[in-house]
Ligand SMILES: [Zn+2]
């Protein structure tokens, strides 16, 4: 039996509400359209910190409640007696309206100790390859762990994003009369669309991934043939990798709705150590096969049957529909229920899947862990994750002292400070360039004179007096605009600066 029309639309205190009758133990959730993509390098972790401050404001209770921050959304949720869940959500709103910042330092310490980015590293590497240090690509720099935040920044972020116009309520079960959602008013925050890096066709790269991943740009999130393509590909990779070759244990699909008409679908496949290249080849070859010949009728039927089984899922399905409706409302996207999607899936033919796969192909990005060589791959070109260029640009050159270069191969580097930007040739001979206009942040060294320059193009260049001399540090400082400097670093910050590739 197909369920439709289970989702009821309502409004509570100006917050759009998506409700459905359900179990006596109700589930309530508040969804906000804010996540790591709405931070900057300097404010990374601020959303996660706000979530911690809010959750930490509740006294201990037996209510089953939690909160999550991912790349595009923040969700507070609880399951239990209706009055208890209502009280929890009201409490979330109250805390968001006036953040309890007295525990700010404590929570920053906790988050730094947890050091949890909240995103799958392979997905983060793929998003960075697509968007560089912008939008979902920020997850690559370690979203979730605050480094440079002060109270004003945290409060400003809460005031801008955790407002009535950027929220939606999900309620599954009996809705109590007295539910209040006293969120602050505020204009619906504008979410700039990150710009995708241009590419001429499918590309592969290495990065801080575990296993292999494939990123594809989906223009119409409601297109059934495209959804089926992703499902069939996932099933193929699971079958071949796990069952036939014993290579991998887990394959998953992560979707991010970047904007209306722009979804990024990441297929993530675990690999046993040493098998990453094989898994990446398999992922690419299966996708190419789907583009060339499409799926079999059996594969399509199997995918549709699997989805049909899911839509019989009772309470889980209702909650899925409610959450999807809430996300779409907050993100400004069209939405439909799983049952409606199933009806669309039933009309898809194998050749539709082939057409959909071919439409995805030009946007394909395949990522492997650093140092892994996939061997020859057909139909896909190589590129670097960050901005590697053929040769050093013109400018003033600085080198480590001769003795250091002779003793330490790692010191065989060259720094160029030019009119166009900052460049470094690393010990491997690769040249990294950060145009001055693309500097995202500058972090002062914690000891001695130095600066770590972070590029939006994912390059990171360390300039320290002990390596390149004081003159080099001064030359770089003179070029850096004031606004890129983040506040004074905490001790040992340099070891913690996540990712941007050297
Ligand atoms: Zn680089």
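For the reader, a short list of remarks on this structure follows.
- Any hit, segment 347-368, residues being within 16 Å of the ligand (Cβ to nearest atom), under 28 Å from residue 129 (Cα atoms), touching a residue at least 24 places away in the same chain (Cβ under 8 Å) and in a loop (DSSP other than H, G, I, E, B): no
- Residue 111 being in contact with a helix residue (DSSP H, G or I) (Cβ under 9 Å, 6 or more places away or on another chain) and either under 30 Å from residue 6 (Cβ atoms) or surrounded by 21 or more Cβ atoms within 10 Å (Cβ to Cβ) (or both): no
- Positions within segment 200-209 being assigned to a loop (DSSP other than H, G, I, E, B) and buried (at least 16 other Cβ atoms within 10 Å of the Cβ), in sequence order: 202, 208, 209
- Of all residues in segment 477-502 being touching a strand residue (DSSP E or B) at 6+ places or on another chain (Cβ under 8 Å) and within 16 Å of the ligand (Cβ to nearest atom), the one that is modelled with the lowest pLDDT: 502
To keep it simple, each residue is scored yes or no on (1) over 25 Å from the mean Cα position of the chain (by Cα); (2) assigned by TED's automatic domain parsing to the domain that holds residue 210; (3) more than 25 Å from residue 78 (Cα to Cα).
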| residue | (1), (2), (3) |
| --- | --- |
| 252 | no, yes, yes |
| 274 | yes, yes, yes |
| 277 | no, yes, yes |
| 281 | no, yes, yes |
| 292 | yes, yes, yes |
| 319 | no, yes, no |
| 323 | no, yes, no |
| 328 | no, yes, no |
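- Extreme residue, surrounded by the fewest Cβ atoms within 10 Å (Cβ to Cβ), among residues of segment 456-485 that are touching a helix residue (DSSP H, G or I) at 6+ places or on another chain (Cβ under 8 Å) and in contact (Cβ under 8 Å) with a residue 60 or more places away in the chain: 479
- From the options 377, 385, residue that is within 16 Å of the ligand (Cβ to nearest atom), touching a strand residue (DSSP E or B) at 6+ places or on another chain (Cβ under 9 Å) and outside any helix (DSSP H, G or I): 385
- Residue check, residue 171 within 26 Å of residue 319 (Cα to Cα), in contact with a helix residue (DSSP H, G or I) (Cβ under 7 Å, 6 or more places away or on another chain) and either in contact (Cβ under 8 Å) with a residue 12 or more places away in the chain or surrounded by 15 or more Cβ atoms within 10 Å (Cβ to Cβ) (or both): no
- Some residue of segment 373-390 being assigned by TED's automatic domain parsing to the domain that holds residue 308 and more than 30 Å from residue 431 (Cα to Cα): no
- Selection from segment 397-413 of residues that are in contact with a strand residue (DSSP E or B) (Cβ under 8 Å, 6 or more places away or on another chain) and away from the ligand (no atom under 13 Å from the Cβ): 397, 398, 399
- From 432, 464, residue being within 14 Å of the ligand (Cβ to nearest atom) and at negative phi: 432
- Checking 136, 184 one by one, the residue that is surrounded by 14 or more Cβ atoms within 10 Å (Cβ to Cβ) and not in a helix (DSSP H, G or I) is 184 and no other.
- Flag if residue 416 is within 16 Å of the ligand (Cβ to nearest atom), modelled with pLDDT of 95 or more, farther than 25 Å from residue 198 by Cα and outside the structural domain of residue 135 (by TED's automatic domain parsing): yes
- Leading residue by the ranking (nearest to residue 331 (Cα to Cα)) among those in segment 259-273 that are at pLDDT below 95 and surrounded by 23 or more Cβ atoms within 10 Å (Cβ to Cβ): 269
The values are calculated or read from the model by the stated rules, or taken from the named source; none is laboratory data. No experiment lies behind these values; they were computed from the predicted model shown. Positions of Cβ are backbone-derived with ideal geometry, glycine not excepted, and every protein chain shown enters the neighbour counts.
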